[in-house]
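Chemist: I am attaching a structure below and will ask some questions about it afterwards.
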């Protein structure tokens, strides 16, 4: 049985995916160790939302946030540790 084309149409973009990507980019420039976990959480919520309803788009944005945010988190935490130890001066 064929699936109707209307069932495969993206009708709206996930707001959570947009939020996740914005937070991931924000984390690059300021407070990455605070903002990056928020971006990861938002991206995972967006992926759950998109998986539950195939008419919602934004999977690429959610995946991009899941790539960017952990990298930002790692770099931010390492930078913070180096500053506290006095090595990063």
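Chemist: If you go through the stretch 12-34 one residue at a time, how many are loosely packed, with under 14 Cβ neighbours inside 10 Å and part of a helix (DSSP H, G or I)?
Modeler: The total comes to 3.
Chemist: Still on this model: For the structure I just gave you, tell me whether residue 54 is surrounded by fewer than 17 Cβ atoms within 10 Å (Cβ to Cβ), farther than 27 Å from residue 82 by Cα and modelled with pLDDT of 95 or more. Walk me through it before giving the result.
Modeler: Values: surrounded by fewer than 17 Cβ atoms within 10 Å (Cβ to Cβ): yes; farther than 27 Å from residue 82 by Cα: yes; modelled with pLDDT of 95 or more: no.
Considered against the rule, which asks whether it is surrounded by fewer than 17 Cβ atoms within 10 Å (Cβ to Cβ), farther than 27 Å from residue 82 by Cα and modelled with pLDDT of 95 or more, residue 54 comes out as no.
Chemist: Can I ask one more? Determine, yes or no, whether residue 62 is touching a helix residue (DSSP H, G or I) at 6+ places or on another chain (Cβ under 6 Å), surrounded by 12 or more Cβ atoms within 10 Å (Cβ to Cβ) and closer than 13 Å to residue 18 by Cβ.
Modeler: Values: touching a helix residue (DSSP H, G or I) at 6+ places or on another chain (Cβ under 6 Å): yes; surrounded by 12 or more Cβ atoms within 10 Å (Cβ to Cβ): yes; closer than 13 Å to residue 18 by Cβ: yes.
Against the criterion (touching a helix residue (DSSP H, G or I) at 6+ places or on another chain (Cβ under 6 Å), surrounded by 12 or more Cβ atoms within 10 Å (Cβ to Cβ) and closer than 13 Å to residue 18 by Cβ), residue 62 qualifies.
The values are calculated or read from the model by the stated rules, or taken from the named source; none is laboratory data. Quantities reported herein were computed from a predicted structural model and do not represent experimental measurements. Quick reminder, even Gly has a Cβ in these numbers, built from the backbone with ideal geometry, and neighbours come from all protein chains shown.
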